[in-house]
Amino acid sequence: MSERIQRVNELIKRELSKIILEEINFPKEVLVTIIRVEAAPNLYSARVYISVLPEEKTKEVFVMLKNSIYNLQQLLNKRLRMRPIPRIEFLQEKQVQKREKIEEILDEIKRG
């Protein structure tokens, strides 16, 4: 991955985090975190990986994000001073869940 793509990923992550914090009112006791961003090499699209705690609220959060995608994209377009501005797509982060599962298994091995 090129250095420019890495910088773009971090920039999108930082700015989109601020926008989501300001614009979307998630239910109480729900923690939404942008884990990582993967922009395409041509910068026309970017996958934004989201983690939601508690996991039971994941569907509800993704519905809220999907319903707000146009507004979020417009605000991101205004904040970024680059061309092209990647089109964002929200995805559920699965690696965090895998890591937690591995940690649980390791804890069980240590106990037993």
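The single residue among I109, I102, I88 that is at pLDDT 95 or above, farther than 15 Å from E23 by Cα and among the hydrophobic types (A, V, I, L, M, F, W, C) turns out to be I88. Checking each residue in segment 81-112 for being of a type in the set (A, V, I, L, M, F, W, C) and more than 17 Å from the chain's Cα centre (by Cα) picks out M82, I102, I105, L106, I109.
Consider segment 29-62. How many of its residues are of a type in the set (A, V, I, L, M, F, W, C) and crowded, with 16+ Cβ neighbours inside 10 Å?
First, pick out the residues of segment 29-62 that are of a type in the set (A, V, I, L, M, F, W, C): 30-32, 34-35, 37, 39-40, 43, 46, 48, 50, 52-53, 61-62.
Cutting the leftovers down to crowded, with 16+ Cβ neighbours inside 10 Å gives us 32, 34, 37, 39, 43, 46, 48, 50, 52, 61-62.
Number of matching residues: 11.
Being at pLDDT 95 or above and under 14 Å from the mean Cα position of the chain (by Cα): is that true of L21 here? Considered against the rule, which asks whether it is at pLDDT 95 or above and under 14 Å from the mean Cα position of the chain (by Cα), L21 comes out as no. If you take the residues in segment 36-62 that are part of a helix (DSSP H, G or I) and more than 14 Å from I20 (Cα to Cα), which one is modelled with the lowest pLDDT? The extreme case among them is E55. For segment 44-62, check the following and say yes or no: at least one residue is under 25 Å from E3 (Cβ atoms), of a type in the set (F, W, Y) and in contact (Cβ under 8 Å) with a residue 40 or more places away in the chain. Scanning segment 44-62, I find at least one residue that is under 25 Å from E3 (Cβ atoms), of a type in the set (F, W, Y) and in contact (Cβ under 8 Å) with a residue 40 or more places away in the chain, so the answer is yes.
In this structure, F90 does not qualify as among the aromatic types (F, W, Y), surrounded by 13 or more Cβ atoms within 10 Å (Cβ to Cβ) and without any contact (Cβ under 8 Å) to a residue 40 or more places away in the chain.
Looking only at residues in segment 1-28 that are out of contact with any Leu (no Cβ under 9 Å at 6 or more places or on another chain) and not in a helix (DSSP H, G or I), which one is surrounded by the most Cβ atoms within 10 Å (Cβ to Cβ)? Break it down stepwise before answering.
So in segment 1-28, the residues out of contact with any Leu (no Cβ under 9 Å at 6 or more places or on another chain) come out as 1-3, 6-7, 9-10, 13-14, 17-18, 21, 25-28.
From what is left, the residues that are not in a helix (DSSP H, G or I) are 1-2, 25-28.
Numbers: M1: 9, S2: 8, N25: 7, F26: 16, P27: 10, K28: 5.
Only one residue fits best here, namely F26.
Within segment 63-86, being touching a helix residue (DSSP H, G or I) at 6+ places or on another chain (Cβ under 8 Å) and either surrounded by 15 or more Cβ atoms within 10 Å (Cβ to Cβ) or in contact (Cβ under 8 Å) with a residue 60 or more places away in the chain (or both) holds for L65, S68, L72, L75, L76, R79, L80, M82, I85, P86. Of the numbered criteria (1) assigned to a strand (DSSP E or B); (2) modelled with pLDDT of 95 or more, the one V32 fails is (2).
The values are calculated or read from the model by the stated rules, or taken from the named source; none is laboratory data. In this text the structure is predicted, and so the values were computed from the model without any measurement. FYI the Cβ positions are ideal-geometry reconstructions off the backbone, even for glycines, and counts take in every protein chain you see.
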